[in-house]
Amino acid sequence: MKALAYERAHLLDAFAIDLVDVAEPRLRAGDLLVEVRAIGINPGEAAIRRTRSAPPGGRVVLGWEFAGVVVATGPAATGFAVGDRVMGTGDITRDGSWAERVAVDHRVVAPIADELTFADAASLPIGVLTAWEALVRDGDALPPGVGNVLVVGAAGGVGSMATQLLATWTQAFVIGTASRPESREWTTALGADLVVDHHRDLAAQLRDAGVGPVDLVLSTSDTGSRLTSYVELLRPFGHLSFVDAPGRWDLEAVAVRSLSLHGEMVFSTIVTGGDAARQGRILARAAGDVVAGRLRPIGTTTLQGLTPEAMRAAHTLVESGRSVGKTVITL
Ligand SMILES: NC(=O)c1ccc[n+]([C@@H]2O[C@H](COP(=O)([O-])OP(=O)(O)OC[C@H]3O[C@@H](n4cnc5c(N)ncnc54)[C@H](OP(=O)(O)O)[C@@H]3O)[C@@H](O)[C@H]2O)c1
């Protein structure tokens, strides 16, 4: 089959992802084989392209956000049948979905209704799972006492879903951050109660808006350099949840304010064990809510074709740091 792949880690300027022939994916017992119809593109995949090379003689196939059609099922892959329309993520230690077909553990896949286009479905999985796990951890509700949440980078892929899930699945007062007219407008449209600018003094803006201490910050960008400002915003026993690579921190201030730190890595369950099926259930709930009109898909740019040109354009967009919603490629 064809896949978009590369051999050596490289920068965008030297973009080297090519369409090549690769072996058909080998199904594990709990896998589905999915014919890929659309893929969502994430900054994390661009980061891997910049830093991870294939072993000698090998190739890297990225992409852990897709929608498509089941074409085969492993003997232990329950709940799915050939022909089902699905969306899902995958396992970052295995080949991804920038290919004609992908083998994926059925537990991180959810069925999608006919009303949901593949492009819309492919915009959802990573944002939904990362945001929801960052907010509720392995439970199903915000930590006790959390009445307001600051989502930093609210117009991005993760922030767009965090904003919507907070507005729809919780009672929290949602403060989103966005710095440009289009990202502010998008954040408001997704349900934020208040929008502030992450390039200006956050504490001053919240004071001006009459918002008291923040109960939970969900940080998607620059977490390390913002730690002091988050400590200032958060109430004692508040929560700082982060999804980016935060660098080294001085934890003294965190301890003085009695804060809880929540790290989130969307692939931690599938890679290291745990209740991966919970992710499938969260995705199924989100897919149902999109069809019911309670959540919006977040694709804002749709490119076409499993081609190096489309992929390069997508990487250029995600590396700009100015994405609103998500870039999707349809096959
Ligand atoms: N841990 C995980 O499992 C996981 C999963 C997915 C993503 N991630 C990581 O989470 C981060 C966000 O991913 P994403 O898909 O949401 O990214 P994204 O879609 O590229 O985010 C774009 C948004 O970031 C905002 N932004 C840019 N610079 C910012 C800054 N200095 N401070 C605050 N916001 C800023 C922009 O807002 P304005 O245009 O309004 O400035 C833009 O709307 C990335 O580091 C990604 O690798 C982690």
Per the 1/(1 + (r/R0)^6) rule, R0 = 30 Å and r from the Cβ atoms of Asp140 and Leu11, FRET efficiency to 0.05 is 0.15
If you fit an axis through the alpha-carbon atoms of helix 157-169 and take the longest principal axis of the Cα set of the chain, what angle between them do you get, 0 to 90°, nearest 10? 70
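Under 8 Å for C-alpha pairs, at least 6 residues apart: give me the relative contact order for the chain, rounded to a whole percent.
Values: 742 pairs, mean separation 68.1, N = 331.
Answer for the chain is 21 percent.
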As an exercise, find the ratio Rg/Rh for the range 65-211 from alpha-carbon atoms, using the Kirkwood inverse-distance average for Rh. 1.06
Mind listing the Cα extents of the range 128-263 along all three principal axes, in Å, largest one first? 38, 33, 28
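Would you work out if the range 30-74 is rounded, prolate or oblate? Take a ≥ b ≥ c from the square roots of the eigenvalues of the alpha-carbon gyration tensor; rounded if a/c is under 1.5, else prolate when a/b is larger than b/c, oblate otherwise. Please list the in-between numbers first.
Values: a/c = 3.19, a/b = 1.56, b/c = 2.05.
The shape class here is oblate.
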Which value results when the Cα radius of gyration for the range 1-79 is divided by 2.2 N^0.38 Å? 1.23
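Just subtract the alpha-carbon distance of Ala277 and Val291 from 0.36 nm times their residue separation and send over the number in nm, one decimal. Present the calculation step by step, with values, prior to reporting the outcome.
Working: separation 14, 0.36 × 14 = 5.04 nm, distance 2.15 nm.
So the extension gain works out to 2.9 nm.
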In whole Hz, what ³J(HN,Hα) sequence does the range 123-139 give by Karplus (6.51, -1.76, 1.60; θ = phi - 60°), x for Gly and Pro? 7, 9, x, 5, x, 4, 5, 5, 5, 5, 5, 5, 8, 10, 6, 9, x
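Between rounded, prolate and oblate, where does the range 39-138 land on the alpha carbon gyration tensor, with a ≥ b ≥ c its root eigenvalues, rounded for a/c under 1.5, else prolate if a/b exceeds b/c? Don't skip to the answer; put the middle values down first.
Working: a/c = 1.71, a/b = 1.26, b/c = 1.36.
Oblate, because a/c is 1.5 or more while a/b does not exceed b/c.
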Thr170 and Ala245 label points (each 7 Å along its Cα→Cβ direction) are spaced in nm at 2.7
Across all Cα atoms of the chain, Rg and the largest Cα-Cα distance (Dmax), in Å, are 19.6, 59
What is the angle, in °, between the Cα long axis of helix 277-291 and the longest principal axis of the Cα atoms in the chain? Nearest 10 is fine, range 0 to 90. 80
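Name the chymotrypsin sites (Phe, Trp or Tyr not before Pro) in the range 111-193 that are in a loop by DSSP and that have at most 13 other C-beta atoms within 10 Å, would you?
Counting only loop positions with at most 13 other Cβ atoms within 10 Å, none of the chymotrypsin sites (Phe, Trp or Tyr not before Pro) in the range 111-193 qualifies.
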Only Lys, Arg (+1) and Asp, Glu (-1) charged, at Cβ; the range 50-157 dipole about Cα centre in debye: 460
Per the helix-only model, the chain has a calculated mean residue ellipticity at 222 nm (DSSP H runs of ≥4, -39500 (n - 2.57) each, divided over all residues, rounded to the nearest 500) of -9000 deg cm²/dmol
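Bear in mind that the values in this text are calculations on the coordinates, not laboratory data. Please read these numbers as outputs of a predicted model, since none were measured by experiment. Positions of Cβ are generated from backbone atoms using ideal geometry, with glycine treated the same way; all protein chains shown enter the neighbour counts.
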